[in-house]
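Student: Got a structure for you, written out below as structure tokens; questions coming shortly.
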């Protein structure tokens, strides 16, 4: 079953001689539970592609379907709700709320949606993320690796159809980077999460089930890497 389908996505910024074609007719699909890495140099178009998949930007042409839903056919209010409930974002900069504790940061998207968090699942995640003893700490009291684990927990708690990770190890040292990648692998396998991660680090990309490369706005499927 295809969880994500990207069809002939193109994105052009500017017009005339000043125009820049960031994406050129990109198409691919991802089945449920697959962990995909998108690699490419800075400026290659990979971040633009992730923004299109996450409906954070609108393509010049093309379509994106998530779980059978045409995201760009939705009205803005409906799209906002769909994005909140179906897409989990993990950013390089963590984007935690400094005044909230670890637990409060993780459950924040659920409260934002006027829902009650699944307490049993929250406890399971805190254990898996090794954050139970840090649940009442503020982000300023955590290491970079711990902050990224909080961001992963926040993305997982709503059980989204799709998780998009934007350079999730970009601000971490090697040990913490390895821990974060291991957690993403575990989430893909244990919770059957569909994960798309962009990275410029090809060693990190090898942990994924499949690697896609973006170069000058053109996508190439490099095939599987993980055992």
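Student: For the stretch 35-69, enumerate the residues that are under 15 Å from the mean Cα position of the chain (by Cα) and under 18 Å from residue 82 (Cα atoms). Before the answer, list the steps.
Tutor: Going residue by residue through the stretch 35-69, those that are under 15 Å from the mean Cα position of the chain (by Cα) are 35-39, 46-57, 66.
Result: 50, 51, 52, 53, 54, 55, 56, 57, 66.
Student: Still on this model: Given the structure, is residue 7 closer than 21 Å to residue 86 by Cα and surrounded by 14 or more Cβ atoms within 10 Å (Cβ to Cβ)?
Tutor: Values: closer than 21 Å to residue 86 by Cα: yes; surrounded by 14 or more Cβ atoms within 10 Å (Cβ to Cβ): yes.
Yes; evaluated as a whole, the condition is true for this residue.
Student: Here's another thing I want to ask about it. Tell me, which residue of the stretch 152-178 that is surrounded by fewer than 19 Cβ atoms within 10 Å (Cβ to Cβ) and within 23 Å of residue 142 (Cα to Cα) is nearest to the chain's Cα centre (by Cα)?
Tutor: Let us first name the residues in the stretch 152-178 that are surrounded by fewer than 19 Cβ atoms within 10 Å (Cβ to Cβ), namely 159, 170-171, 173-176, 178.
Subset that is within 23 Å of residue 142 (Cα to Cα): 170-171, 173-176, 178.
Values: 170: 14, 171: 16, 173: 20, 174: 20, 175: 21, 176: 18, 178: 17 Å.
Residue satisfying both the conditions and the ranking: 170.
Student: Now a separate question. Tell me which residues, restricted to the stretch 10-19, are surrounded by fewer than 15 Cβ atoms within 10 Å (Cβ to Cβ) and either touching a strand residue (DSSP E or B) at 6+ places or on another chain (Cβ under 7 Å) or part of a strand (DSSP E or B) (or both). Talk me through it step by step, then tell me what you get.
Tutor: Of all residues in the stretch 10-19, those surrounded by fewer than 15 Cβ atoms within 10 Å (Cβ to Cβ) come to 13-19.
Selection gives 13, 14, 19.
Student: Return the residue satisfying two criteria in turn: it lies in the stretch 191-210 and is in contact (Cβ under 8 Å) with a residue 60 or more places away in the chain and assigned to a helix (DSSP H, G or I), and of such residues it is farthest from the chain's Cα centre (by Cα).
Tutor: 202
Student: Let me ask something else about it. Within the stretch 20-67, how many residues are surrounded by fewer than 16 Cβ atoms within 10 Å (Cβ to Cβ), touching a strand residue (DSSP E or B) at 6+ places or on another chain (Cβ under 8 Å) and part of a loop (DSSP other than H, G, I, E, B)?
Tutor: Counting residues in the stretch 20-67 that are surrounded by fewer than 16 Cβ atoms within 10 Å (Cβ to Cβ), touching a strand residue (DSSP E or B) at 6+ places or on another chain (Cβ under 8 Å) and part of a loop (DSSP other than H, G, I, E, B) gives 5.
Student: Here's a check for you: in the stretch 203-227, which residue that is at pLDDT below 90 and in contact with a strand residue (DSSP E or B) (Cβ under 6 Å, 6 or more places away or on another chain) is farthest from residue 148 (Cα to Cα)?
Tutor: Result: 224.
Student: If you don't mind, there's one more thing I want to ask. Could you list, in sequence order, all residues of the stretch 131-172 that are within 27 Å of residue 51 (Cβ to Cβ) and part of a loop (DSSP other than H, G, I, E, B)?
Tutor: 158, 159, 160, 161, 167, 168, 169, 170, 171, 172
Student: While we're here: When residues of the stretch 68-98 are filtered for being modelled with pLDDT of 90 or more, surrounded by 18 or more Cβ atoms within 10 Å (Cβ to Cβ) and part of a loop (DSSP other than H, G, I, E, B), how many remain?
Tutor: Selection size over the stretch 68-98: 1.
Student: Now, a different point. For the stretch 99-130, name all the residues that are in a loop (DSSP other than H, G, I, E, B), surrounded by 16 or more Cβ atoms within 10 Å (Cβ to Cβ) and modelled with pLDDT of 95 or more. Write out each step before concluding.
Tutor: The first filter runs over the stretch 99-130 and keeps only residues in a loop (DSSP other than H, G, I, E, B), leaving 99-101, 113-118, 129-130.
Add one more test, that the residue is surrounded by 16 or more Cβ atoms within 10 Å (Cβ to Cβ), and what stays is 101, 117, 129.
If the condition is that a residue be in a loop (DSSP other than H, G, I, E, B), surrounded by 16 or more Cβ atoms within 10 Å (Cβ to Cβ) and modelled with pLDDT of 95 or more, then 101 is the only one that fits.
The values are calculated or read from the model by the stated rules, or taken from the named source; none is laboratory data. This structure is a prediction, so every number in the text was calculated from the model and none was measured. FYI the Cβ positions are ideal-geometry reconstructions off the backbone, even for glycines, and counts take in every protein chain you see.
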